[in-house]
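> Dumping the structure here so I can ask a few things about it.
The values are calculated or read from the model by the stated rules, or taken from the named source; none is laboratory data. All values derive from a computational prediction rather than experimental measurement. Using ideal geometry, Cβ is built from the backbone for each residue, glycine included, and neighbour counts are taken over all protein chains shown. Accessible surface is based on the protein model in full, side chains and every heavy atom, while ligands, DNA and RNA are left aside. Shrake-Rupley method; radii C 1.70, N 1.55, O 1.52, S 1.80 Å.
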Amino acid sequence: MAKIVVVGSGIAGLIAAVEASRAHEVVLVTKANLAESNTHYAQGGIAAVLSTDDTVAEHVADTLSAGAGLCWEPAVEVLCADGPRRINDLVNFGVEFDRSGDHFAMGLEAAHSHARILHAGGDTTGADISEALVATVRRTATEIHEHTFVSSIAVEADAQGQRRIVGLEVIDADGTHFLEADAIILASGGAGQLYRHTTNPAVTTGDGVAAAFRAGALLADVEFYQFHPTALAVPGSFLISEAVRGEGAVLINAQGERFMQKIHPLAELAPRDVVARGIQSQMLAQGGEPVLLDATALGNDFLTERFPSITKMCRSYGLNWGREPIPVTPAAHYWMGGIATDTEGRSSLPGLYAVGEAACTGTHGANRLASNSLLESIVFAHRAVKTLGSAWPENAPGVRWASAGPVAELSLQEPDFKPGSPVVDRVELQTLMWDSVGLARTGAELESALDKLHSWRPAPRDHRLFPDWEDANLLLLARTVTEAALARLESRGGHYRLDYPATNPTLARPITLVRKAS
Ligand SMILES: Cc1cc2nc3c(=O)[nH]c(=O)nc-3n(C[C@H](O)[C@H](O)[C@H](O)COP(=O)(O)OP(=O)(O)OC[C@H]3O[C@@H](n4cnc5c(N)ncnc54)[C@H](O)[C@@H]3O)c2cc1C
């Protein structure tokens, strides 16, 4: 029986813990309570081919098209083919997806050629999934540590000089502890807190990706951040799901005119990066004023029933979206990049798996298709667990690079910080990333952002204070995103360079990042 440590209690970590506990000793570590995660806030739903007029091949084609030439096809095929079985698992774990008569009610979202989005509770899909999985994990043999922060991953070389993980360091209210592990499944989520406007909750600070990078794991595609086009333009940036546009809501500018029809044939349902930049340029043209999302044609009754949590949130800000259009702005939403893995969740570091948003499986390429991320989390968490205990293949995620041709490899060393350099301030970092490494980038701004990032140093990490660790992680990840964005001299998917507005077909390959040996 192997000892497996799972990090994170979003959908990916919960599935990994539940599945692994069938055959292994499992410890689940999570930095807040079990229910707090990006997963909890997911509204729109989860994509899968479940109706007779839809096919796996069409789901694959839609995913590849959104990914803008950078998806890794074997991973996409696995995602779409395994999807229906994994949805069935969720149903067996107690998730009650919304139904229409005898069938699941299937929604349509941007860039999907079919209505294939399952949802639960109208717009509380993530919360419903999380609740069912939390209840399941509490019934399994899993040892659970809440409010426990994973700070670093320990690696040792064996007699043949092969490096392999041996455990991890965690911090809780009693101090620092070492947890031994035969394998670690990192499911610690993305890093939306890199940006001033984000739909992600406060726990989303990229800790697992930073720890894996420091331990020597390869990262990939980190320059690709997806900005959700429509967050309510209020402090806290509450997400207004794509499904609202899927149901027929339209975007209008300050003059009350629709503008997306002129930008893309799919108008409001164009890929997210296209809609987000369309909104951003409208906002620039109207002096920074948010654009408006007009859902009034859907009517109050429908909106309240189909989108109860958005309706409630709008009301809490004094907005009645059934009667008047509401102000919206883009916000950082989903990280396509992360720890490079193969189709079984294996990273380049033997013993270290990465699943969910922390991983870069290659399924999303340069841009994620809406509602594919919850699906990716369950599919690859399940596959990772199936390979526990089997031999670690050489060059695990490298098969992707082999089929993609040569990759641009960047290496990064944590610099020696000058005495007296200021300690990084989170709000300043988030503002810098939003202004200079956000929706539209230029070489000059990226260079200047990198200089600024190099001028800051992480706070001395007090072993009791999670925020200091989080700031250090955000600083490190900000440098990886900025370095990769500088190196990608083209525009593609979620990465848009004003100075290189075209896509360059010769650059249709991932950029990888590895820590420079000191
Ligand atoms: C508002 C919103 C709406 C969304 N809507 C959809 C949707 O409709 N469909 C869809 O497919 N996707 C959606 N997404 C994206 C999707 O929710 C995420 O990609 C997915 O939930 C990621 O799951 P995960 O398990 O990888 O990570 P998360 O759910 O983010 O969980 C990460 C876990 O790791 C823990 N953790 C982090 N750092 C540490 C540390 N240092 N130590 C210990 N634990 C740590 C966190 O506390 C958390 O429990 C949405 C995201 C947001 C924010």
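> Search segment 131-145 for residues being at pLDDT 95 or above and in contact with an Asp or Glu (Cβ under 9 Å, 6 or more places away or on another chain), and hand back the single one that is surrounded by the fewest Cβ atoms within 10 Å (Cβ to Cβ).
It comes out as GLU143.
> Condition first: modelled with pLDDT of 95 or more and within 13 Å of the ligand (Cβ to nearest atom). Can you find one or more residues in segment 250-259 that meet it?
Within segment 250-259, not a single residue is modelled with pLDDT of 95 or more and within 13 Å of the ligand (Cβ to nearest atom).
> Further, regarding this structure: From the list VAL514, VAL437, VAL427, VAL423, which residue is more than 24 Å from the chain's Cα centre (by Cα) and β-branched (Val, Ile, Thr)? Before the answer, list the steps.
Values: VAL514 fails: more than 24 Å from the chain's Cα centre (by Cα); VAL437 fails: more than 24 Å from the chain's Cα centre (by Cα); VAL427 fails: more than 24 Å from the chain's Cα centre (by Cα).
Going through VAL514, VAL437, VAL427, VAL423 in turn, the sole match is VAL423.
> On to the next question. List every residue pair whose Cβ atoms sit under 6 Å apart, with the two residues 6 or more apart in sequence or on different chains, where the first one lies in segment 158-170 and is open to solvent by 90 Å² or more (accessible area, probe 1.4 Å) and the second, anywhere, is modelled with pLDDT of 85 or more and away from the ligand (no atom under 16 Å from the Cβ).
So the pair list comes out as ARG163/VAL155; ARG163/ALA157; ARG164/PRO350; ARG164/GLY351.
> In segment 213-226, is there at least one residue being assigned to a loop (DSSP other than H, G, I, E, B), within 9 Å of the ligand (Cβ to nearest atom) and open to solvent by 10 Å² or more (accessible area, probe 1.4 Å)?
no
> Now a separate question. Can you tell me which residues in segment 16-43 are open to solvent by 30 Å² or more (accessible area, probe 1.4 Å), within 21 Å of the chain's Cα centre (by Cα) and more than 6 Å from the ligand (Cβ to nearest atom)? Even if it seems obvious, please write down each step before you answer.
Taking segment 16-43 and keeping what is open to solvent by 30 Å² or more (accessible area, probe 1.4 Å), we get 22-25, 31, 33, 35-36, 38, 40-41.
Then drop every residue that is not within 21 Å of the chain's Cα centre (by Cα), which leaves 31, 33, 35-36, 38, 40-41.
Those that are open to solvent by 30 Å² or more (accessible area, probe 1.4 Å), within 21 Å of the chain's Cα centre (by Cα) and more than 6 Å from the ligand (Cβ to nearest atom): ASN33, ALA35, HIS40.
> Something else: Specify which of the listed residues (ASP468, ASP425) is within 14 Å of THR205 (Cβ to Cβ) and without any contact (Cβ under 8 Å) to a residue 60 or more places away in the chain. Steps first, answer last, please.
Values: ASP425 fails: within 14 Å of THR205 (Cβ to Cβ).
Among ASP468, ASP425, only ASP468 is within 14 Å of THR205 (Cβ to Cβ) and without any contact (Cβ under 8 Å) to a residue 60 or more places away in the chain.
> Sticking with this one: Right, SER188: within 20 Å of the chain's Cα centre (by Cα), modelled with pLDDT of 95 or more and surrounded by 24 or more Cβ atoms within 10 Å (Cβ to Cβ) or not? Give the derivation first.
Values: within 20 Å of the chain's Cα centre (by Cα): yes; modelled with pLDDT of 95 or more: yes; surrounded by 24 or more Cβ atoms within 10 Å (Cβ to Cβ): yes.
In short, yes.
> Filter segment 37-64 down to the residues that are touching a residue at least 60 places away in the same chain (Cβ under 8 Å) and farther than 17 Å from ALA132 by Cα and list them by number. Full working, then the answer.
Going through segment 37-64, the residues touching a residue at least 60 places away in the same chain (Cβ under 8 Å) turn out to be 37-51, 53-54, 62-64.
Residues satisfying the conditions are GLY44, ALA47, ALA48, VAL49, LEU50, SER51, ASP53, ASP54, ASP62, THR63, LEU64.
Let's see how each residue does on (1) within 16 Å of the ligand (Cβ to nearest atom); (2) over 30 Å from VAL275 (Cβ atoms); (3) surrounded by fewer than 20 Cβ atoms within 10 Å (Cβ to Cβ):
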site: LYS418; (1), (2), (3): no, yes, yes
site: ARG441; (1), (2), (3): no, no, no
site: LEU446; (1), (2), (3): no, no, no
site: ALA449; (1), (2), (3): no, no, no
site: ASP471; (1), (2), (3): yes, yes, no
site: LEU476; (1), (2), (3): yes, yes, no
site: THR482; (1), (2), (3): no, no, no
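> Can I ask one more? What do you reckon, is THR199 modelled with pLDDT of 95 or more and within 11 Å of the ligand (Cβ to nearest atom)? Don't jump to the end; show me each part of the working.
Details: modelled with pLDDT of 95 or more: no; within 11 Å of the ligand (Cβ to nearest atom): yes.
Answer is no for this residue.
> Something else now. For segment 112-130, name all the residues that are hydrophobic (A, V, I, L, M, F, W, C), within 14 Å of the ligand (Cβ to nearest atom) and surrounded by fewer than 19 Cβ atoms within 10 Å (Cβ to Cβ). Outline the logic, then answer.
To start, the set of residues in segment 112-130 that are hydrophobic (A, V, I, L, M, F, W, C) comprises 115, 117-118, 120, 127, 129.
Filter once more, keeping what is within 14 Å of the ligand (Cβ to nearest atom): 117-118, 120, 127, 129.
Answer for segment 112-130, where residues must be hydrophobic (A, V, I, L, M, F, W, C), within 14 Å of the ligand (Cβ to nearest atom) and surrounded by fewer than 19 Cβ atoms within 10 Å (Cβ to Cβ): just ALA127.
> Moving on. If I filter segment 453-468 for residues that are in contact with a Lys or Arg (Cβ under 7 Å, 6 or more places away or on another chain) and either away from the ligand (no atom under 16 Å from the Cβ) or at positive phi (or both), do I get at least one hit?
yes
> Also, I was wondering about something else. If we scan segment 252-264, do we find a residue that is aliphatic (A, V, I, L, M) and in contact with a Pro (Cβ under 7 Å, 6 or more places away or on another chain)?
Yes, segment 252-264 has at least one match.
> Hey, ALA75 hits all of (1) away from the ligand (no atom under 15 Å from the Cβ); (2) over 23 Å from TYR353 (Cα atoms); (3) open to solvent by less than 10 Å² (accessible area, probe 1.4 Å) but one; which does it fall short on?
Checking ALA75 against (1) away from the ligand (no atom under 15 Å from the Cβ); (2) over 23 Å from TYR353 (Cα atoms); (3) open to solvent by less than 10 Å² (accessible area, probe 1.4 Å), the one that fails is (2).
> May I pose another question? Name the strands (runs of 3 or more DSSP E) wholly within segment 118-203 that hold at least 3 residues that are aliphatic (A, V, I, L, M)? Show your work before the answer.
On the way: elements: 143-145, 149-157, 163-172, 175-180, 183-186.
Answer list for segment 118-203: 149-157, 163-172, 183-186.
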